Amino acid sequence: MATLNLKNLKKTYANGHQAIHGVDLDVREGELIVMVGPSGCGKSTLLRMIAGLEAITEGTLEIDQRRVNDLEPAERDIAMVFQNYALYPHMNVYNNMAYGLKNRGVDKAEIDRLVRQTAAILELDALLERKPGQLSGGQRQRVAMGRAIVRNPKVFLFDEPLSNLDAKLRVQMRIEIKRLQRKLGITSVYVTHDQVEAMTLADRLVVMNGGVAEQIGTPMDIYNRPQTPFVAGFIGSPAMNFIQAQLHEGALTLGDQTITLANPPDFNGAVVVGLRPEHMHRKPDYAHQLMLHIDLLEPLGADTLVYGRIGGSGDELVVRLNREFRNLDNQAILPLYFDCDELHLFCAKSQQRIN
Amino acid sequence: MSRISTYNHRLLPWLLLAPQLAITLVFFVWPALQAVKQSFLIEDAFGLSSEFVWFDNFNELLHSEAYYSSFATTFIFGIGVTLLSMCSALLLAVMADRVIRGAALYKTLLVWPYAVAPAVAGVLWMFMFHPTIGVMTYLLELVQIRWNHSLNGHQAMLLVIIAAAWKQISYNFLFFLAGLQSIPRSLIEAAAIDGAGPMKRFRDIIFPLLSPTSFFLLVVNIVYAFFDTFGIIHAVTQGGPGSSTRTLVYKVFDDGFIGLDLGSSAAQSVILMFIVGAMTIIQFKFIERKVQY
C-alpha cells in the first residue's frame, strides 16, 4: 500500500517536443487510477515516467512520500504489465514470475512459496512448466499479471494490458483485474484508450489530451459534469452531441428554435451545447422539445441509434432510443424531449464549462 | 480441387531449370567429380602418365604426420577466427544498438571491411605488421615486443587470425545487430523493472534470445575460417613460417600447385568436401529445430 504523487510533471524530448505539459495528481493508497485519452495524448509517456523508463524533465514524482525521480525502475518498487505482455520467451511461466524475486535475492524456498501462491490466485498452477509460446492470449495476460503481483510492489502500472485480447476475453479480464486489484489493495495506474474500460475500472479517471490532464475525477463525475467539450466527447458512447448555439439572457437559440433555461448561467454569447444521445426521449415528460430530421437508423439490438439534424442548424445529432422505435411510418421529422438540466454548456471561445 | 495450377507441357519445366542446372553441372559437379577422379590417380613427375592407385592417396594422407598437424593448425585457426570475430562483432553490435546520433553512419562504416577482398585484407595486415617497415611492429617495439611473423610461428598464426577475423566482423555485426533489434524493447524494460542490471539483462535475456543468431553465425564462421581464408593466408604468410599457418585448404594448394602432387591434393579436397557436407547437414538440422526456444 502506497501513495503516489505527481507534482507538475513535465516531459520534453531532446528534439524539443514537449510531450507532457505539467500534470498534477495525488493517488491515494489502494486507489485505481485510469488514464484515458486518444493515441498520442501522452498517457503512455506519463506511465513510463512513473515507471522510470522515461526520464522526468521537470517536476517531482513521489512514491510513499519519497522522491523517486532519479531512481532506477527496479528501485522504485513498482511492477508493470505491458501491452504485449513482455514475457521472457525462453523462460517457463515459473521462471518468468520468479525472475524479479531472484534478482532481489529472495531465497529459493520463499520464491517457490510466493510463485505457487500467486499462480494459485491466477489459476496458473497447471501451466507453470509451459513457455509463453505455448499459452493462449488470455493465459499470457494472466502470467504478466502474476509476474507483477508476485513481488507485492508498492504500485502497479498497466499499459493498455487488454488491447491485444479479443472482445469477449477483454470483458472477462477487465472484471478479473478489478477484482484482483480490490482484493490486493495495491495502488494502481492503468492506461487505456478504451473509454468503457476506463469507466468500469477506475476509482478516478484522468482524461488526457495533448499532454495535459484535462479533467480528473470519478467516472460518474466526469460523465455528469465534463469540464471541456473534449472530455464530454471522449467519455460516453455514442459520443455526446455538440450543437453550436447562442445564449442571451438565459435564452438559448438552437438552430431555428429558442428555449428558456431554468437555471441560466451568467453568460452571453456563442456557446457549444452538449447533449448526450441517451438524454433525448420520445415521451413528452420533459420540459423541452426539439425536432429531429431523421437521416439514418442503426438498430443495435437493445437500442436503436437515430442519426439526423435539427432544423436551422447543420450539426448532426445521434439519439439512442429504445429498440421499439422502428420508424415504420417513415416519418421524416421526429419530436424529441429533453430536460435542460441534461444540457452541458461550454463557452465556444474558452472551451470551458459554464453551467 | 487443387489450387496449384498445372501445365501440361512436359519440356517446359526442364527448359526453365536448364540454365541453373547447366551452371551447377559445369562449375560445381564436374570439377568435383574431376577431383574425386584425380584422387584415385598418381601422376609421374612430368605429368605425362597417370596410374590408377585406388585409395593409396588417402592411405598415405592418413599416415602422414604433416596432414594431422595441418588439421590441428586448422582447428586452432578456425576457433581463433570464430571466437575473435564473433565476440568483437557482438560487442560492436551491442554498442551500435545504443547509438542514437549518427547510427546510420556508424553502421555503414562497420560494414565496409566486408567489401575488401581477402587478398587485399591480407596485404593490408601484412604491411601493418611487416617485420621491418610495419607501423604496428614499430609500436610493439616501443613496449619491448619483438614482432616478426616470418620467423615466429605463433605470431604468424595470431596475425592471420586477426586478419581473417577482421574481415568477418562486418558480416557477424550485421546479423547480431538485426538480432538485437528484433528483441522487443519492452522485454528489456520488463527485466529492468524486475531488478536486472545491464550485465544481468544481457546474460539472462538478450544473450539467450540471440542464441539462434549465434548458432547460425558459429557455423558460418567456422566454414569461413576453414575454407574461405586461402587468400588471406597466401598474402600474409604463405602457410609459413615452416608449416605453422598451413591450414587444410592451404595445404591443398601447397601440395597440388607447389609440390605438384595432384593426387594427394585431390584426395585432400575430397576429404574437405565431406567436412563441408557434414557441417551443412548439422546447420540445417539445428536451424530447423531452432536453438533454445
**OP:** Only counting protein heavy atoms at a 1.4 Å probe, give the residues of the range B:175-190, ordered by number, whose accessible area falls by 50 Å² or more when the other protein chains are present relative to the chain alone.
**Re:** B:186, B:187, B:189
**OP:** Enter the Cα centre distance for the pair the range A:199-237 and the range A:44-105, rounded to the nearest angstrom.
**Re:** 26 Å
Original post:
Residues of the range A:37-98: accessible area per residue at 1.4 Å, in Å²?
Top reply: 35 Å²
Original post:
Which value, in square angstrom to the nearest 100, describes the accessible area buried between chains A and B on both sides, using a 1.4 angstrom probe?
Top reply: 1700 Å²
**OP:** Just tell me how shielded A:81-92 is by partners: mean number of partner chain Cβ atoms within 10 Å of each residue's Cβ, no decimals.
**Re:** 5
Subject >> Loop-exposed trypsin sites (Lys or Arg not before Pro) per DSSP, neighbour cap 16 Cβ within 10 angstrom, longest uninterrupted part of chain B >> reply: B:147-289
Original post:
What accessible area, in Å² to the nearest ten, does a 1.4 Å probe give for residue B:108?
Top reply: 70 Å²
Original post:
Given R₀ = 41 Å, FRET efficiency for residue A:351-residue A:72 by Cβ-Cβ distance, to 0.05?
Top reply: 0.55
Original post:
Taking Cα centroids, how far is the range A:252-271 from the range B:27-102 in Å?
Top reply: 92 Å
**OP:** Return the loop-located GluC sites (Glu not before Pro) in the range A:66-160 (DSSP other than H, G, I, E, B) with at most 16 other Cβ atoms within 10 Å of their own Cβ; answer none if there are none.
**Re:** A:123, A:129
Subject >> Computed log₁₀ I(q)/I(0) - Debye formula, equal Cα scatterers, no solvent, the range A:93-240, q 0.11, 0.16, 0.19, 0.20 Å⁻¹ >> reply: -0.50, -0.90, -1.12, -1.20
**OP:** Can you sort A:199, A:35, B:199, A:1 by 1.4 Å-probe accessible area, starting with the largest?
**Re:** B:199, A:1, A:199, A:35
Subject >> Selection from B:126, B:280, B:109 lying farthest towards where the dipole of the range B:56-292 points positive, charges on Cβ >> reply: B:109
Subject >> Where labels lie 7 Å past Cα in the beta-carbon direction, separation of residue A:28 and residue A:239 in nm >> reply: 3.3 nm
**OP:** State to the nearest 20 debye the size of the charge dipole of chain A about its Cα centre, where the only charges are +1 on K and R beta carbons and -1 on D and E beta carbons.
**Re:** 1280 debye
**OP:** May I ask you to rank A:253, A:192, A:45 by accessible area, largest first, using a 1.4 Å probe over the protein chains only?
**Re:** A:253, A:45, A:192
Original post:
Which Cα, out of A:45, A:57, A:15, lies furthest along the positive dipole direction of the range A:3-89 (beta carbon charges, K/R +1, D/E -1)?
Top reply: A:15
Original post:
Let a ≥ b ≥ c be the square roots of the eigenvalues of the Cα gyration tensor of the range B:56-292; is it rounded (a/c under 1.5), or, if not, prolate (a/b larger than b/c) or oblate?
Top reply: oblate
**OP:** Could you pull out the GluC sites (Glu not before Pro) across the range A:205-307 that fall in loop regions by DSSP (anything but H, G, I, E, B) with no more than 10 other Cβ atoms inside 10 Å?
**Re:** A:249
Original post:
For the range A:240-355, what is the relative contact order in percent, using Cα pairs closer than 8 Å and at least 6 residues apart in sequence?
Top reply: 30 percent
Original post:
Once the other residues with Cβ under 13 Å from the Cβ of residue A:132 are scored (Lys, Arg +1; Asp, Glu -1), what is the net sum?
Top reply: +4
Subject >> Relative contact order of chain B, defined on C-alpha pairs under 8 angstrom at six or more residues apart (%) >> reply: 27 percent
Original post:
Using helices alone, what [θ] at 222 nm do you get for chain B, with -39,500 (n - 2.57) per DSSP H run of 4 or more residues, divided over all residues and rounded to the nearest 500?
Top reply: -21500 deg cm²/dmol
Original post:
Where is the GNM fluctuation largest for chain B (alpha-carbon springs, 10 angstrom cutoff): B:158, B:25, B:33?
Top reply: B:25
Original post:
When the dipole is taken about the Cα centre of the range A:308-355, and only Lys, Arg (+1) and Asp, Glu (-1) are charged at their Cβ, what size is it in debye, to the nearest 20?
Top reply: 180 debye
**OP:** Evaluate E = 1/(1 + (r/R0)^6) for residue B:28 and residue A:342, where r is the Cβ-Cβ distance and R0 equals 60 Å; express this FRET efficiency to the nearest 0.05.
**Re:** 0.15
Original post:
Once you sort the root eigenvalues of the Cα gyration tensor of the range A:160-208 as a ≥ b ≥ c, which label holds: rounded (a/c under 1.5), prolate (a/b larger than b/c) or oblate (the other case)?
Top reply: oblate
Subject >> Shielding by partners - mean other protein chain Cβ count within 10 Å, residues of A:138-151 >> reply: 1
Subject >> Of all accessible heavy-atom area on the range B:56-292, the percent that carbon and sulfur account for (1.4 Å) >> reply: 70 percent
Subject >> Globularity index of the protein assembly as shown, i.e. its alpha-carbon radius of gyration over 2.2 N^0.38 Å >> reply: 1.44
Original post:
Using r as the Cβ-Cβ distance of residue A:179 and residue A:248, and R0 as 60 Å, what FRET efficiency do you calculate, to the nearest 0.05?
Top reply: 0.70
**OP:** Report the label-to-label distance for residue B:120 and residue A:326 in nanometres (one decimal), using points 7 Å from each Cα along the Cα→Cβ vector.
**Re:** 8.3 nm
Subject >> Cα-based helix-to-principal-axis angle, A:108-121 vs chain A, degrees rounded to 10 >> reply: 30 degrees
Original post:
Under a point-charge model restricted to the Cβ atoms of Lys and Arg (+1) and Asp and Glu (-1), what is the dipole moment magnitude of the protein assembly as shown relative to its Cα centre, in debye to the nearest 20?
Top reply: 660 debye
**OP:** Kindly identify chain A as rounded, prolate or oblate by the Cα gyration tensor criterion: order the square roots of the eigenvalues as a ≥ b ≥ c, call it rounded if a/c is under 1.5, otherwise compare a/b with b/c, prolate if a/b is larger, else oblate.
**Re:** prolate
Subject >> Gain in span if fully extended, residue B:53 to residue B:71, counting 0.36 nm per residue against the direct Cα distance >> reply: 4.0 nm
Original post:
Using a simple spin-label model with points 7 Å from Cα along the Cα→Cβ vector, what separation in nm is obtained for residue A:218 and residue A:302?
Top reply: 2.2 nm
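The values are calculated or read from the model by the stated rules, or taken from the named source; none is laboratory data. This is a predicted model, so every value here is computed, not measured. Here the Cβ is made from the backbone with ideal geometry for all residues, glycine too, and neighbour counts use every protein chain on show. SASA here: full protein model, heavy atoms, side chains in, ligands and nucleic acids out. Shrake-Rupley method; radii C 1.70, N 1.55, O 1.52, S 1.80 Å.
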